[in-house]
Amino acid sequence: MDGWTGKILRVDLTRGSHSVDDLDPDLAKNFIGGRGLATKLLFDEIDPTIDPFSPDNKLLFATGPLTGSGAIGGSRLMVVTKSPLTGAAACSNIGGYFGPELKFAGYDILILEGKSPKPVYLLINDGDVQIKPAQHLWGKTTIETEPMIRSEIGDAQKAKQTQIACIGPGGENLVRIACVMHAGHASGRSGVGAVMGSKNLKAITVRGTQGVTLADAEGFKKIIANLSDQIRKSPLLEKRPLYGTWTGISRAYKFGVLGTRNFQAGQIEGVNGGEKVLREEFWVKSHTCFNCPFQEFSTTRVTDPDFQGEGEGPEWESFGLLGPDCGVTNFSAIVKANYICNEMGIDTISAGGTIACAMELYERGFLKEEDVGYPLHFGDAKAVVDLVEKMGRRQGFGDILAEGGYRLAEKYGHPEFFMGAKKQEFPGFHPQGFQILGLGYATSNRGACHLKNNAYYDDTRFQTEGQAPIAKIDQDYTAVIDSSGLCQAMYVRDFMLWREEIAPLLLEAVTGAGYTKESMLLAGDRIWNIERLFNLKAGLTAQDDTLPERILKEPMPAGPSEGQVVRLGEMMPDYYGVRGWDKNGIPTPKKLAELGLAREGGR
Amino acid sequence: MAEIKIDRDKCCECYLCETTCSLQYSENTVNPKKSRIITLFNKPDVDVINCDHCQGEPQCVIACLSDALTSI
């Protein structure tokens, strides 16, 4: 096969054995790879009703055909499992260098099954696959773990070429918002790191020396030359290394959609223009992912003695949730809290959202000082820094926070103060200022998400009419990008005008499998629906396609989005309609037949 | 023999140069470990390598969007 390696590495952690399966070419073509192919395999191989922490759950690390293909932005890997946070299908994307290295080792997908009796790490060196003891690594932060493993590799050159993904105390302690980390990048959302921890798997190391073959190398070179030209002419090549995703702060402020104080407001003073503050006072250097020139990531340093440190980030969404959503505008504290989340290996977005929820419960009197150990008001920067570590280690009140915002709010009798969808916390943008964003959060298969619907246009932001078809296409297209191994930052956000034109050209040049724009988008639709079918079988229903009462009923109090609520009811029937789902949100037999999912839809 | 020089301050380690180079020389295959300029990354103290396999049109230099490579 071209583009795909055609091999799946399957590791049984219970028995300590492994095998290599052939990838079915038709399955690969229909589900592309990454998120799509891995979710299809998860659908086929596990009972969607199982406990996510059961050894029967599986954890898939999936590359796409464009991962490591030489395509600009072809760095991505998707981690897929049943989420312990949402109970739905999780897909959590990670950049850096791990995905391409797995591909170069000769595998499209790594499937982890069972549960090791003791802490272990997995070493993959092309065909050499070993399960190694990791007792000495257990309890270490993600920042400590990577160099410790690297130091165990004798050959310095091989050590440098080895890529490592690991969990921190968060994953070990089954924190439901734990992530998988690799070189400062995170497979952040939906608690995929906790599933890795439940399998007693501390880390995966990979090094590969094999190549990815291309179906039409000459055609591919022409596409890349054209893409390079466009990138060279784009102002983003200069701008992204300066501010990365931080421009989101000012954009959110400008439209009054900066999630503030547990989404009770859309603006807070003291953070507008925050990208400049981060650049001038915190930035140390920019870095990037495999085959990407944009250098969106930043290593930063905090000199404030209260919050001293050095590390990666924060990205804009992390900033939004650990900062404004908790009422915090102290940049040093926000950056420090982000470092600790990375060290613990917990999702910055959900961590901030969960603490914000606790702050509101406290201010409304539902959570007491004795529950937390101290008063927990909005704006308490030190509390945020304290609680993210306690969450990762499940210490004290952190043990309750570790369950995520939904379970926290429910425990104290007020689930209405949980701000998210399908039990996953909202990302940074407040949905009340963009109707389509509300629809996107409510219908995202993995719960509230910043990566499943990026089509929010400034001029139609208060309209509900006509939003459903736009959301649907965007969801299908992002599913394609997540499945190909391309990066959404480049292929979804930055080059909106030609984005749907270039992806099928790349897919076809690399795989030769017959992709066109139409067949690519149909594959995206198929991927969206296989996730939906998984979720329905897992017990989710149309009742879960919703938003908190606050978002639907309490108008935004002030700012550029003042007076807005999300009019979800005006969009949902249309959305189910364009999806080809019935009024209960169930894909119709006709739709399933069109997608080739009749068998999967049978019940 | 032409030389390829790397400016490490400009290099963002995206390895577009390696993937492009490998595709040029291993038939239809992208494999950074088979790249002819891999020395630049395996030996951090080596900033200049002899390489003229592209006969005056170094594909790695053209591919680099960070302007970190020059042909001298």
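Taking region A:253-295 as the region of interest, how many residues are among the hydroxyl-bearing types (Ser, Thr, Tyr) and assigned to a helix (DSSP H, G or I)?
The qualifying residues number 1.
Please verify whether A:GLY248 is within 14 Å of chain B (Cβ to nearest Cβ), within 25 Å of the chain's Cα centre (by Cα) and buried (at least 21 other Cβ atoms within 10 Å of the Cβ), treating the condition exactly as stated. First the steps, then the outcome.
Details: within 14 Å of chain B (Cβ to nearest Cβ): no; within 25 Å of the chain's Cα centre (by Cα): yes; buried (at least 21 other Cβ atoms within 10 Å of the Cβ): yes.
So A:GLY248 fails the test.
Name the residue, out of A:LYS382, A:LYS336, that is more than 23 Å from A:LYS423 (Cβ to Cβ), assigned to a helix (DSSP H, G or I) and touching a strand residue (DSSP E or B) at 6+ places or on another chain (Cβ under 6 Å).
Numbers: A:LYS382 fails: touching a strand residue (DSSP E or B) at 6+ places or on another chain (Cβ under 6 Å).
Criteria check complete, one pass: A:LYS336.
Take the residues in region A:277-310 that are in contact with a Phe, Trp or Tyr (Cβ under 8 Å, 6 or more places away or on another chain) and charged (D, E, K, R), then tell me which one is farthest from the other protein chains (Cβ to nearest Cβ).
A:GLU281
Would you say B:SER26 is on the phi < 0 side of the Ramachandran plot, of a type outside the set (D, E, K, R), over 12 Å from the mean Cα position of the chain (by Cα) and within 9 Å of chain A (Cβ to nearest Cβ)?
Numbers: on the phi < 0 side of the Ramachandran plot: yes; of a type outside the set (D, E, K, R): yes; over 12 Å from the mean Cα position of the chain (by Cα): yes; within 9 Å of chain A (Cβ to nearest Cβ): yes.
In short, yes.
Of the conditions (1) out of contact with any Ser or Thr (no Cβ under 7 Å at 6 or more places or on another chain); (2) hydrophobic (A, V, I, L, M, F, W, C); (3) closer than 23 Å to A:ARG207 by Cβ; (4) within 14 Å of chain A (Cβ to nearest Cβ), B:CYS21 satisfies every one except a single condition; which number is it?
The failed condition is (1).
Mind listing just one residue for me: the one in region A:331-383 that is over 25 Å from A:THR300 (Cβ atoms) and among the hydroxyl-bearing types (Ser, Thr, Tyr) and, of those, surrounded by the fewest Cβ atoms within 10 Å (Cβ to Cβ)?
Here the answer is A:TYR374.
Under the condition of being under 18 Å from A:GLY438 (Cβ atoms) and within 26 Å of the chain's Cα centre (by Cα), which residue from region A:568-603 is surrounded by the fewest Cβ atoms within 10 Å (Cβ to Cβ)?
A:VAL578
Going through region A:66-81 one residue at a time, which ones are of a type in the set (A, V, I, L, M) and either at pLDDT below 95 or over 18 Å from A:GLU531 (Cβ atoms) (or both)? Before you say what the answer is, go through the steps one by one.
Step one: filter region A:66-81 for residues of a type in the set (A, V, I, L, M), giving A:66, A:71-72, A:77-80.
Answer for region A:66-81, where residues must be of a type in the set (A, V, I, L, M) and either at pLDDT below 95 or over 18 Å from A:GLU531 (Cβ atoms) (or both): A:LEU66, A:ALA71, A:ILE72.
Return the residue satisfying two criteria in turn: it lies in region A:201-232 and is within 9 Å of chain B (Cβ to nearest Cβ) and of a type in the set (Ser, Thr, Tyr), and of such residues it is surrounded by the fewest Cβ atoms within 10 Å (Cβ to Cβ).
In this case the residue turns out to be A:THR209.
Show me the strands (runs of 3 or more DSSP E) entirely contained within region A:1-84 in which 1 or more residues are among the charged types (D, E, K, R) and surrounded by fewer than 24 Cβ atoms within 10 Å (Cβ to Cβ). Let's see the steps before the verdict.
On the way: elements: A:7-12, A:17-22, A:59-63, A:77-82.
Passing ranges, in order: A:7-12, A:17-22.
Go through (1) within 30 Å of A:LEU322 (Cα to Cα); (2) touching a Pro at 6+ places or on another chain (Cβ under 8 Å) for A:ILE231 and report which single condition fails.
(1)
Condition test on A:LYS411, is it surrounded by fewer than 24 Cβ atoms within 10 Å (Cβ to Cβ) and out of contact with any Phe, Trp or Tyr (no Cβ under 9 Å at 6 or more places or on another chain)? Spell out how you get there, then give the answer.
Numbers: surrounded by fewer than 24 Cβ atoms within 10 Å (Cβ to Cβ): yes; out of contact with any Phe, Trp or Tyr (no Cβ under 9 Å at 6 or more places or on another chain): yes.
So A:LYS411 passes the test.
Can you name every residue in region A:251-260 that is of a type outside the set (Phe, Trp, Tyr), in contact (Cβ under 8 Å) with a residue 12 or more places away in the chain and more than 8 Å from A:PRO324 (Cβ to Cβ)?
Going through region A:251-260, the residues of a type outside the set (Phe, Trp, Tyr) turn out to be A:251-252, A:254, A:256-260.
Next cut, in contact (Cβ under 8 Å) with a residue 12 or more places away in the chain only: A:252, A:254, A:256-260.
Those that are of a type outside the set (Phe, Trp, Tyr), in contact (Cβ under 8 Å) with a residue 12 or more places away in the chain and more than 8 Å from A:PRO324 (Cβ to Cβ): A:ALA252, A:LYS254, A:GLY256, A:VAL257.
For region A:62-116, give me each residue that is on the phi > 0 side of the Ramachandran plot, within 19 Å of the chain's Cα centre (by Cα) and within 13 Å of chain B (Cβ to nearest Cβ).
Within region A:62-116, A:GLY73, A:GLY96 meet the criteria.
Looking at region A:260-275, is at least one residue under 28 Å from A:LEU77 (Cβ atoms) and within 14 Å of another protein chain (Cβ to nearest Cβ)?
So in region A:260-275, the residues under 28 Å from A:LEU77 (Cβ atoms) come out as A:275.
Cutting the leftovers down to within 14 Å of another protein chain (Cβ to nearest Cβ) gives us none.
For region A:260-275, residues under 28 Å from A:LEU77 (Cβ atoms) and within 14 Å of another protein chain (Cβ to nearest Cβ): absent.
Within region A:5-37, can you find the residues that are more than 19 Å from A:VAL192 (Cβ to Cβ) and among the β-branched types (Val, Ile, Thr)?
Once the filter is applied, which keeps residues that are more than 19 Å from A:VAL192 (Cβ to Cβ) and among the β-branched types (Val, Ile, Thr), region A:5-37 yields A:THR5, A:THR14, A:VAL20, A:ILE32.
Residues to consider are A:TYR362, A:TYR406, A:TYR441, A:TYR412; find the one that is within 17 Å of the chain's Cα centre (by Cα) and among the hydroxyl-bearing types (Ser, Thr, Tyr).
Of the residues listed, the single one that is within 17 Å of the chain's Cα centre (by Cα) and among the hydroxyl-bearing types (Ser, Thr, Tyr) is A:TYR441.
The values are calculated or read from the model by the stated rules, or taken from the named source; none is laboratory data. These figures come from a predicted structure and were not determined experimentally. For neighbour counting, all protein chains shown are included, and Cβ atoms are generated from backbone atoms with ideal geometry for every residue, glycine included.
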